[in-house]
Amino acid sequence: MARVLTPRAEDFPRWYQDLIAKAQLADNGPVRGTMVIRPAGYAIWEHMQADMDRRIKEAGVQNAYFPLFIPESYLRREANHVEGFSPELAVVTHAGGKELAEPLVVRPTSETVIGEFMAKWVDSYRDLPLLLNQWANVVRWELRPRTFLRTTEFLWQEGHTAHATEEDAREHAREIHKNVYEDFMVSMLAIPVVPGRKTKGERFAGATNTMTVEAMMGDMKALQMGTSHELGQNFAKAFDITYSSAAGKVEHAWTTSWGTSTRMMGGLIMVHGDDNGLRLPPRIAPIQAQVMVVKAGEGVLEAATKLTEELKAAGVRVKLDARADIPFGRRAVDAELQGIPVRIEVGPRDLGAGNAVVARRIDGTKTPVALAEVAATVTAALKADQQRMYDDALAFRETNTVDVKTLGDAIEAAQTGWARVPWSAVGTEGEAEANGKAVTVRCLFREDGSMPDSDDEPDLIAILARSY
């Protein structure tokens with residue numbers, strides 16, 4: 001295949017941008033840091049969104065929508081929150097040809113505006129838990145934007161919930177973290193993630209606890225793929241979210257928030273992509289199989305159409321490419337770039353032998369298969385390739401993660417991979433030292449991999465890495 005992308009090993013950032021452009025996933029927007037998501041990219045996002053939305057609703061959460069513009073005064077009610085977001089805020093001071101009486105903030109996240117309405121909607125313990133989610137865009141002014149990873153405007157879902165007890169809030173935040181986020185990354189995106197607790201320095205502004213799922217990219221940097229936050233009673237007190245308990249006492253609610261975004265698209269590209277383009281896990285691929293007419297005539301189109309219908313009947317998301325007027329090689333390159341998991345190539349010579357050629361994107365194999373066996377072969381290949389992509393990504397992460405005992409060794413190891421190190425060897429001062437060398441503590445977890453209840457538990461393990 002002709003080289004169309006900068007090789008990953010030669011220049012990973014350039015490869016990433018090349019892939020996004022050549023696979024027609026996105027383009028730069030007219031305002032610095034914004035992006036236009038093209039149909040091929042948006043189709044992937046729609047499949048992510050659909051599966052994530054299903055999981056969120058299964059957790060008992062309902063979708064709603066809240067305004068894009070938030071009164072600046074709302075953010076100022078929670079001191080840590082406004083301090084954490086101030087450098088990223090976009091503020092509207094004029095509208096309708098006049099200066100506004102109060103500046104409006106373009107939504108960076110919605111804890112404040114949703115908190116305002118939770119206070120209106122919650123009166124009694126019978127109104128709890130209140131479980132809300134919205135799919136929306138948010139704006140955070142980025143100094144160093146990168147498509148999908150850090151853009152001034154991006155798409156996401158943000159969940160916001162209110163509970164009668166701290167225990168119920170904690171249980172819900174953990175349910176979302178594990179059964180929605182972690183399971184989605186593993187089973188749909190084929191991305192192995194490390195779940196853990198963020199340190200106080202990395203915690204969401206205004207939260208009492210932040211849980212994360214961290215993934216290793218193809219250049220060994222870490223990417224935070226999703227977070228779930230316990231907010232304690234901080235926002236409930238700031239917005240007076242109270243309820244009458246069963247005993248008739250007025251209590252403040254306990255709240256959570258949690259979110260994932262189009263950053264997952266960047267992670268998908270950087271974990272699975274190769275020098276030939278994107279590689280999509282079959283479960284998330286908008287087109288799982290593409291039937292391609294190599295050359296028209298001699299019954300080829302009719303055979304290709306029949307195969308397309310058989311694959312569709314077998315539950316495969318399939319597309320027929322009958323554009324025989326476009327050179328086959330060009331079409332094959334485009335399919336590789338866009339990461340279509342399987343191609344079924346039908347030409348006169350193959351058809352004469354009663355075969356089609358099944359080309360698999362993940363392992364690069366091309367195999368003649370009897371026409372009657374194509375549907376079964378493709379469905380088996382899709383299942384096997386989904387698992388192989390996860391296994392390969394996990395093996396890559398483990399190969400590039402080392403166990404060390406000291407902060408110095410962890411910082412050194414983090415220059416070329418991930419370091420697992422006792423948190424007691426790092427601590428708050430060591431974290432600051434690592435940050436000064438562009439290394440961050442990605443998360444903390446127990447020796448058995450489970451989630452800590454606090455940063456102060458003994459024998460916690462930390463992951464140190466460079467990150468996006």
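Could we say that residue 286 is buried (at least 24 other Cβ atoms within 10 Å of the Cβ) and closer than 30 Å to residue 371 by Cβ here? Against the criterion (buried (at least 24 other Cβ atoms within 10 Å of the Cβ) and closer than 30 Å to residue 371 by Cβ), residue 286 does not qualify. With respect to the conditions (1) touching a helix residue (DSSP H, G or I) at 6+ places or on another chain (Cβ under 9 Å); (2) outside any helix (DSSP H, G or I); (3) within 30 Å of residue 110 (Cα to Cα); (4) of a type outside the set (Phe, Trp, Tyr), residue 291 falls short on a single one, namely (3).
Looking only at region 430-447, decide whether some residue is in contact with a helix residue (DSSP H, G or I) (Cβ under 6 Å, 6 or more places away or on another chain), open to solvent by 50 Å² or more (accessible area, probe 1.4 Å) and within 24 Å of residue 221 (Cβ to Cβ). Yes: region 430-447 contains one or more residues that are in contact with a helix residue (DSSP H, G or I) (Cβ under 6 Å, 6 or more places away or on another chain), open to solvent by 50 Å² or more (accessible area, probe 1.4 Å) and within 24 Å of residue 221 (Cβ to Cβ).
Taking region 63-114 and the strands (runs of 3 or more DSSP E) fully enclosed by it, the elements with 1 or more residues that are over 28 Å from the mean Cα position of the chain (by Cα) and among the charged types (D, E, K, R) are at 98-106. Consider residue 456 carefully, then state whether it is open to solvent by 30 Å² or more (accessible area, probe 1.4 Å) and closer than 13 Å to residue 198 by Cα. It is true that residue 456 is open to solvent by 30 Å² or more (accessible area, probe 1.4 Å) and closer than 13 Å to residue 198 by Cα.
Does any residue of region 272-281 turn out to be among the basic types (Lys, Arg), touching a residue at least 24 places away in the same chain (Cβ under 8 Å) and either within 30 Å of residue 118 (Cα to Cα) or buried (at least 24 other Cβ atoms within 10 Å of the Cβ) (or both)? No; the residues of region 272-281 include none that is among the basic types (Lys, Arg), touching a residue at least 24 places away in the same chain (Cβ under 8 Å) and either within 30 Å of residue 118 (Cα to Cα) or buried (at least 24 other Cβ atoms within 10 Å of the Cβ) (or both). It is to be established whether one or more residues within region 143-151 are out of contact with any Lys or Arg (no Cβ under 7 Å at 6 or more places or on another chain) and open to solvent by less than 40 Å² (accessible area, probe 1.4 Å). Yes; the residues of region 143-151 include at least one that is out of contact with any Lys or Arg (no Cβ under 7 Å at 6 or more places or on another chain) and open to solvent by less than 40 Å² (accessible area, probe 1.4 Å). Tell me, yes or no, whether region 363-377 has at least one residue that is of a type in the set (Val, Ile, Thr), open to solvent by less than 70 Å² (accessible area, probe 1.4 Å) and assigned to a strand (DSSP E or B). Yes, region 363-377 contains a residue that is of a type in the set (Val, Ile, Thr), open to solvent by less than 70 Å² (accessible area, probe 1.4 Å) and assigned to a strand (DSSP E or B). Taking the listed residues 96, 84, the one that is out of contact with any Cys (no Cβ under 6 Å at 6 or more places or on another chain), farther than 30 Å from residue 182 by Cβ, open to solvent by 20 Å² or more (accessible area, probe 1.4 Å) and not basic (Lys, Arg) is 96, with no other qualifying. Annotation note: of 385, 391, 350, the sole residue that is open to solvent by 60 Å² or more (accessible area, probe 1.4 Å) and either in a helix (DSSP H, G or I) or among the β-branched types (Val, Ile, Thr) (or both) is 391. Select from region 419-468 the residues that are in a strand (DSSP E or B) and polar (S, T, N, Q) and write down the one among them that is farthest from residue 13 (Cα to Cα). Step by step, filter region 419-468, then rank; the result is 440.
When region 12-53 is filtered for residues that are small (Gly, Ala, Ser) and within 25 Å of residue 220 (Cβ to Cβ), the ones remaining, listed by number, are 21, 23, 26, 41.
Residue-wise test of (1) in a helix (DSSP H, G or I); (2) at pLDDT 95 or above; (3) of a type in the set (Asp, Glu).
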site: 186; (1), (2), (3): yes, yes, no
site: 213; (1), (2), (3): no, yes, no
site: 238; (1), (2), (3): yes, no, no
site: 255; (1), (2), (3): no, yes, no
site: 260; (1), (2), (3): no, yes, no
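Within region 66-93, residues that are closer than 18 Å to residue 159 by Cα reach partners that are of a type in the set (Phe, Trp, Tyr) and open to solvent by 40 Å² or more (accessible area, probe 1.4 Å) with beta carbons closer than 9 Å, at six or more positions or on different chains, in the pairs 66/117.
The values are calculated or read from the model by the stated rules, or taken from the named source; none is laboratory data. Please read all numbers here as calculations on a predicted model, not as lab measurements. Here Cβ is always computed from backbone atoms with ideal geometry, including for glycine, and neighbour counts include all displayed protein chains. Surface areas here come from the heavy atoms of the whole protein model, side chains and all, with no ligands, DNA or RNA. Shrake-Rupley method; radii C 1.70, N 1.55, O 1.52, S 1.80 Å.
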